[in-house]
Amino acid sequence: MKLLVIGCGQCGGRLADEFALLNRVSGVRRGMEVISNTIAVNTDMTDLSGLKNIKSDYKHRILIGNRRTAGHGVGKINEIGAELAREDGDKVIETIRSTPHLAETDAFLLVASAAGGTGSGSIPVLTRLLKERHSDKPVYNLIVLPFNYELMTEERSIYNVGTCLKSAYLAADAIFLVDNQRYVRKSSSMQENLAKINYQVVKPFFNLLCAGEETTAKYVGSRVLDAGDIIQTLSGWSVIGFGQAPISKMKMPFKGRFNFRERGSDTQKGVQAMEEALNELSLRCNPNEARRALYLLSAPHEDMNMDMVKELSDSLKSMATEAVIRSGDYPRAKGTLEITVVLSELVGSRKIMDYFTKTINYMSTANRRRGGIEYGSRGIEEAFRDIPSLL
Ligand SMILES: Nc1nc2c(ncn2[C@@H]2O[C@H](COP(=O)(O)OP(=O)(O)OP(=O)(O)O)[C@@H](O)[C@H]2O)c(=O)[nH]1
Ligand SMILES: [Mg+2]
């Protein structure tokens, strides 16, 4: 599957930069392109300058709202981020139009944090613009949710997250949710942590995107998971996870894959990798909330067998009981057995509902402070209506 990736704001730009790196790795290691173009959009000149892998010309690092902000960002006010994206969105469309092999792009992926100003405000606006201009291709979002401490110290973050999530839900075909808090490693410094988080967020996409672009016959799976399967799976709120297990090198001489003990242990490792992928989902959720799911098994050709595929399907089905499951195999990994899982069309995610409730509470408090009306407590359906849309 080939994506065209657009990073909005600082977080989105850095993650898009990580996708650009992923594409370089897929080129060097596997001789294929999985990203047709990578663009960063920001109101902040310094943020754009800090990127490493995205082309450095003005068409790939697009500064928006320069006249309003003089290249210094929108200071967390996501309404301004949305407005500037509306004013300057054509710059993004122009770069997309001049992308070589645009026709080979299967989907767009826009990336941003929900808690900031520029990315949070511009992602739904650009998503809608792309849907209008390129109605033949799906438009996906990848949205990063803030660390817990940010919600305690920066009240405005909650409002940004609530309005961004609602607007993205209305505009995008599917939204990958990534919770920064899930990736916190206490020992690392902040900067180091963010770089590691970005690597871990993007890593699960590697095999997923490569599998359908493979042209070397010996690496083509017996059941290829291609762009069509991924597009059929992605809908609404989605999460992604990755797990792996080392494969034992000490195969019994002459018996190899026909030995029943080794076969059993490889299958066991497959299930172990699946469990890890589900434990490491980009946002904690109950697999039972998913209505669609897919998994990709990547392992050396000789270490995959039908028992394993069946066992993995059973294992995922037992946890995602309500989901239609798609799957594929990819005989590529070396020395490890890797599983990528996507759960999609999640219903009733508590984390998302919590954000909507907190946004309403925030608005109610802010209104009260301004002497406005008291909203009181209402059902979530009704409450969602009161959250302003950025579109
Ligand atoms: N995972 C990850 N999160 C980040 C990164 N940079 C910032 N964040 C998170 O993103 C949120 C802040 O949003 P930014 O992307 O910095 O804001 P912005 O879109 O540039 O908007 P303004 O600076 O307000 O104009 C916070 O929740 C941060 O924790 C990053 O590189 N990786
Ligand atoms: Mg910024």
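General remarks:
- Cβ crowding within 10 Å averaged over residues, with 283-296, 266-279 ranked highest first: 283-296, 266-279
- Modelled spin labels at Q181 and D314, positioned 7 Å past Cα toward Cβ, are 3.7 nm from each other.
- Listed peptides 329-339, 96-106 by packing density, highest first (mean Cβ within 10 Å): 329-339, 96-106
- Two numbers describe the Cα atoms of segment 1-116: Rg and Dmax, which are 14.0, 44 Å.
- Remark: accessible surface ordering of M32, M319 (largest first) is M319, M32, probe radius 1.4 Å.
- The chain - percent of accessible surface contributed by carbon and sulfur, probe 1.4 Å: 51
- Modelled spin-label separation between A366 and K131, with each label point placed 7 Å from Cα along the Cα-to-Cβ direction: 2.4 nm.
- Spin-label model distance (nm) - T215 vs E192, 7 Å beyond Cα toward Cβ: 4.2
- Where a label projected 7 Å from the Cα of Q272 along Cα→Cβ would reach, residues of segment 171-208 with amide N under 13 Å: none
- The chain: angle of helix 190-202 to the longest principal axis, Cα-based, in degrees nearest 10: 60
- Stretch gain in nm, segment D90-Y149, where the contour uses 0.36 nm per residue and the Cα spacing is subtracted: 17.6 nm
- Over the C-alpha atoms of segment 298-369, the Rg to Rh ratio, Rh being the Kirkwood estimate, stands at 1.30.
- Greater than 19 Å apart at Cα, pairs in K59/K166; K2/K131; K317/K351; K52/K203; K76/K166: K59/K166; K317/K351
- Total charge dipole magnitude, the chain, about the Cα centre, Cβ charges on Lys, Arg, Asp, Glu only, Debye to nearest 20: 580
- Pairs of alpha carbons in the chain separated by more than 39 Å make up 18% of all such pairs.
- Evaluated at q = 0.22, 0.32 Å⁻¹: base-10 log I(q)/I(0), Debye formula over Cα of segment 90-142: -0.85, -1.35
- For the chain, share of DSSP beta bridges that run antiparallel, in % to the nearest 5: 30
- Stretching the chain fully between K52 and R67 yields a gain of 2.8 nm (0.36 nm per residue, less the alpha carbon separation).
- Based on protein heavy atoms only, the chain ends up with 45 Å² per residue of surface accessible to a 1.4 Å probe.
- Dipole moment magnitude, nearest 20 debye, segment 122-213 about Cα centre, only Lys, Arg, Asp, Glu C-beta charged: 80
- Dipole-positive endmost among V25, G65, P388 within the chain (Cβ charges, Cα centre): V25
- A Cα-only calculation for segment 123-234 places Rg and Dmax at 17.5, 54 Å.
- Highest to lowest packing among 207-213, 19-25, scored as the average C-beta count within 10 Å: 207-213, 19-25
- Heavy-atom accessible area order for D179, D47, largest first, 1.4 Å probe: D47, D179
The values are calculated or read from the model by the stated rules, or taken from the named source; none is laboratory data. Because the structure is predicted, anything quoted here is derived from the model rather than measured. We place every Cβ from the backbone using ideal geometry, glycine too, and count neighbours over all the protein chains shown. Note: accessible area is taken over every heavy atom of the protein model, side chains too, but ligands, DNA and RNA are not part of it. Shrake-Rupley method; radii C 1.70, N 1.55, O 1.52, S 1.80 Å.
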